[in-house]
Structure formats: C-alpha cells, structure tokens
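Participant: Please find one structure pasted underneath; my questions will follow.
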Amino acid sequence: MNTQRITDILKNPSLDKVILVNGWVKTHRDSGNLSFIELTDGSCLQGLQVIAEPGLSNYDTEVKKLSVGCAVEVKGKLVASPAKGQEVELQAHELAVVGWADPEEYPLQKKRQSFEYLRSISHLRPRTNAMAAVARVRSGLNFGIHEFFVGHGFQQVHTPIITTSD
C-alpha cells in the first residue's frame, strides 16, 4: 500500500477507503475511550485528524503515550467527520510508532514559539506553521520567476563557473 500525502487526501478525499499516512503528531488528546491525534506530514498547513480506539493492539502501550513530535505510520479508513472544522478524519486500524519524541526534551510544543527561539533549533523550524507558510510562499515565488524567465528564452547560470568557490 502506498503512502498518501495529507494535502492530497484533503483536496480529494476518497471516503470509506483504507489509506496509509506517515507524519508527525501535532497534537494528541485522550477522551476516555478514544484518542484524537492531529497528524501532519509537512505537505500542507492543515493536519489530518486520526481517531484511535482502544481496540488497537498497542493502544495502552504506545498510542496513549504519544506526544507532540512523535513520528507515526497510520493505516485506516477515511470517513466523513461529524466534527466542525474538518471534512474528513482517519479511523485508525493500525498505528505504528516510527520514532518517539520525549516531551521533556522535544523543543516544539503546541504553544507558539518566537522567531528568536526557532533560530536556535533550525533543524525543526519547517515543522512550525509560520516557517512552513514562508517556505511555501518562497517556493511559489521562485517557481513563478523561473517560469517567467524560461518562457522568455533566458537561462539560469550559477556563477562562478570556472572556480569552485561558489
């Protein structure tokens, strides 16, 4: 089964279809007999809500212990969401933890971080909404500029072309 990107799922949801998604836990909360997990894979700003029920084989040992930043792989059925603010949700049939993130040490939490603080953890900046939005805008602008110049017969040259000091 091929992994799907969250942006593709949200743009064109195939209801009642079993899908596979990989990503990081953005938020996690337990509500008695259910776990609500917001999963993000970096493909869009919006996350995908995953519903995990106690019937999962690793519910007590792993699912209940998930924290922000954990990397997971979820296989489940995409269904229409009864909740406001989201069109679909993923009912987990299987949830595997690919990598743990210790909440005592993982620097990104649900609260907003300042840009000064984000400069100190540059390897995690793209996981924040602000930096992800900036990266998307820059990518779109870069593509538009290159498309314009290529369409008008220009070529991009990375100088210096003779020396190695670039």
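Participant: Any idea which of (1) of a type in the set (A, V, I, L, M, F, W, C); (2) touching a residue at least 40 places away in the same chain (Cβ under 8 Å); (3) under 19 Å from residue 129 (Cβ atoms) is the one residue 20 doesn't satisfy?
Facilitator: (3)
Participant: Please go through the stretch 100-119 and pick out each residue that is loosely packed, with under 11 Cβ neighbours inside 10 Å and either more than 17 Å from the chain's Cα centre (by Cα) or farther than 15 Å from residue 37 by Cβ (or both). Reasoning before the result, please.
Facilitator: Pass one, the stretch 100-119, residues loosely packed, with under 11 Cβ neighbours inside 10 Å: 102, 104-105, 110-112, 114-116, 119.
102, 104, 105, 111, 112, 114, 115, 116, 119 - these are the residues of the stretch 100-119 that are loosely packed, with under 11 Cβ neighbours inside 10 Å and either more than 17 Å from the chain's Cα centre (by Cα) or farther than 15 Å from residue 37 by Cβ (or both).
Participant: Has the stretch 70-78 got any residue that is out of contact with any Cys (no Cβ under 8 Å at 6 or more places or on another chain), among the hydrophobic types (A, V, I, L, M, F, W, C), closer than 22 Å to residue 134 by Cβ and in a loop (DSSP other than H, G, I, E, B)?
Facilitator: No; the residues of the stretch 70-78 include none that is out of contact with any Cys (no Cβ under 8 Å at 6 or more places or on another chain), among the hydrophobic types (A, V, I, L, M, F, W, C), closer than 22 Å to residue 134 by Cβ and in a loop (DSSP other than H, G, I, E, B).
Participant: Condition first: surrounded by 15 or more Cβ atoms within 10 Å (Cβ to Cβ), under 20 Å from residue 132 (Cβ atoms) and modelled with pLDDT of 90 or more. Can you find one or more residues in the stretch 9-16 that meet it?
Facilitator: Yes, the stretch 9-16 contains a residue that is surrounded by 15 or more Cβ atoms within 10 Å (Cβ to Cβ), under 20 Å from residue 132 (Cβ atoms) and modelled with pLDDT of 90 or more.
Participant: Give the residue, chosen from 146, 123, 158, that is of a type outside the set (A, V, I, L, M), surrounded by 10 or more Cβ atoms within 10 Å (Cβ to Cβ) and either touching a residue at least 60 places away in the same chain (Cβ under 8 Å) or not assigned by TED's automatic domain parsing to the domain that holds residue 34 (or both). Quick ask: steps written out before the conclusion?
Facilitator: On the way: 123 fails: surrounded by 10 or more Cβ atoms within 10 Å (Cβ to Cβ); 158 fails: surrounded by 10 or more Cβ atoms within 10 Å (Cβ to Cβ).
Within the list 146, 123, 158, the selection yields 146.
Participant: Same structure, new question: Go through the stretch 72-92 residue by residue and tally those that are hydrophobic (A, V, I, L, M, F, W, C) and farther than 13 Å from residue 28 by Cβ.
Facilitator: 6
For every residue, the table says whether it meets (1) touching a residue at least 24 places away in the same chain (Cβ under 8 Å); (2) of a type in the set (Asp, Glu); (3) outside any loop (DSSP other than H, G, I, E, B); (4) assigned by TED's automatic domain parsing to the domain that holds residue 129.
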| residue | (1), (2), (3), (4) |
| --- | --- |
| 1 | yes, no, no, no |
| 27 | yes, no, yes, no |
| 36 | no, no, yes, no |
| 58 | yes, no, no, no |
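Participant: Is it true that residue 90 is farther than 23 Å from residue 12 by Cβ and either outside any helix (DSSP H, G or I) or in contact (Cβ under 8 Å) with a residue 40 or more places away in the chain (or both)?
Facilitator: Details: farther than 23 Å from residue 12 by Cβ: no; either outside any helix (DSSP H, G or I) or in contact (Cβ under 8 Å) with a residue 40 or more places away in the chain (or both): yes.
No; evaluated as a whole, the condition is false for this residue.
Participant: Go through (1) outside any loop (DSSP other than H, G, I, E, B); (2) basic (Lys, Arg); (3) modelled with pLDDT under 95 for residue 112 and report which single condition fails.
Facilitator: (1)
The values are calculated or read from the model by the stated rules, or taken from the named source; none is laboratory data. Keep in mind that what you see is a predicted model, and the values were worked out from it rather than measured. Cβ coordinates were reconstructed from backbone atoms using ideal geometry, including for glycine residues, and neighbour counts include every protein chain displayed.
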